[in-house]
Amino acid sequence: MSTDSNNSTPMLQVRGLKKYFPIYKGLFRSLKGTVKAVDDLSFDLHAKETLGIVGESGCGKTTVGRSLLRLIEPTDGEAHFMGKDIFQLGASELRSFRKNMQIIFQDPYSSLNPRMTIGSIIGDALELHGIAQGDDKFEMSKELLVKVGLQASYINRYPHEFSGGQRQRIGIARAVALHPSFVVCDEAVSALDVSVQAQVINLLQDLQDEYDLSYMFIAHDLSVVKHISDRIAVMYLGRIVELSECDELYKKPLHPYTQALLSAIPEPKPRRKKDRIILRGEVPNPINPPKGCHFHPRCPIATAQCKTGAPPVLREVGPGHSVACHLV
Ligand code: SF4
């Protein structure tokens, strides 16, 4: 299995990550099933790299990001970051480790406390981690506001006084305030207008250069991750089905699911024809996923083998390009 195309030591190594959610029902809360939201994921992330994670709603991509930051507890696996397994850290060690791992949430409206000023939202993290207090904290918060393209004078305003794009910039300022090395961007631009999306992606790239950040950039749309990712992992029902360098994935998608996602991206030149692959049916119920390859009921090239046997885990089919499919 290939999880990487880069020969240097990865900053983050994830092996066998699983997150299962039990389903309880009835008066006595008896266990009725398990949702395998993330099922045996392995991948690497290098310093200053951006790994895009893409898939439809419910594929488990957000669960991956939150498990890595221990916002939810993983069921199994290892995640080695800066020489330590994040999943084995005790509460106090995790608190100081969190300085290095931050998250930018999808919804800029609910991710900022409406009762706090922008100065407090950014500055409290600086104080909590012993970086700055009092006037220093105030000045550093103002500098961060300017860095993300806002005015220093906004420091005493409240979140409701800003647009969605401005709020996301505040969320970004809060995320980079502690100079982390790893940031999970969880659908960070999905709720924004297309023109604002481009501005926020440009800002994230500028900050990556300035602070040497590594991003895990989660999105449901392959056209969004294209402009920021070095590599892309495509997920379907809790598993990575294709992992590749960004350019290679767009030029030569190999998994039928990736091909369908790419065919759905609107063509900027309307005269150029593109054959759209329409996927049959809905994403299956994750409590009871199809046997064999989870994708077989929707796959346009499924064979009898796909209905009974699970495809191999990610297999390297070219330099840095891995696929999980019987036919590739
Ligand atoms: Fe399609 Fe079979 Fe490949 Fe699954 S294993 S993606 S069903 S061809």
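The values are calculated or read from the model by the stated rules, or taken from the named source; none is laboratory data. Here the structure is a predicted model, which means the values were calculated and not measured. Cβ: placed from backbone, ideal geometry, glycine included. Neighbour counts: every protein chain shown. These accessible areas exclude ligands, DNA and RNA; they are computed on the full protein's heavy atoms, side chains included. Shrake-Rupley method; radii C 1.70, N 1.55, O 1.52, S 1.80 Å.
Quick notes
- Cα centroid of the stretch 281-328 to Cα centroid of the stretch 38-114, whole Å: 26
- Restricting the stretch 77-124 to chymotrypsin sites (Phe, Trp or Tyr not before Pro) in coil, as DSSP defines it, with at most 16 other Cβ within 10 Å: TYR109
- Neighbour-limited loop hits for trypsin sites (Lys or Arg not before Pro), the stretch 68-160 (at most 13 other Cβ within 10 Å; DSSP other than H, G, I, E, B): ARG115
- Dividing the mean sequence gap of close Cα pairs (under 8 Å, 6+ apart) by how many residues the stretch 34-134 holds gives a relative contact order of 15 percent.
- Under 22 Å of direct C-alpha separation, and excluding same-chain neighbours fewer than eight residues apart, LYS251 reaches these lysines: LYS226, LYS269, LYS273, LYS274.
- Solvent-accessible area, 1.4 Å probe, carbon plus sulfur percent, for the chain: 49
- The stretch 1-109 shape via C-alpha gyration tensor axes, a/c threshold 1.5: prolate
- For the stretch 155-197 and the stretch 230-260, distance of Cα centres in Å: 27
- In this calculation the C-beta distance from ARG280 to ALA310 is compared with R0 = 30 Å, giving a FRET efficiency of 0.90.
- Solvent-accessible surface (1.4 angstrom probe) belonging to SER195, in square angstrom, nearest 10: 80
- Sequence-distant contacts, meaning Cα pairs under 8 Å at least 6 residues apart, place the relative contact order of the chain at 21 percent.
- Label zone (HIS179, point 7 Å along Cα-to-C-beta; backbone nitrogen cut-off 16 Å) within the stretch 192-209: 207-209.
- Sequence-distant residues sharing a close amide H with THR34 (under 5 Å, placed H): ILE23
- Candidate cross-link partners of LYS25 among the lysines, defined by an alpha-carbon separation under 30 Å and a same-chain spacing of 8 or more, comprise LYS36, LYS61, LYS291, LYS307.
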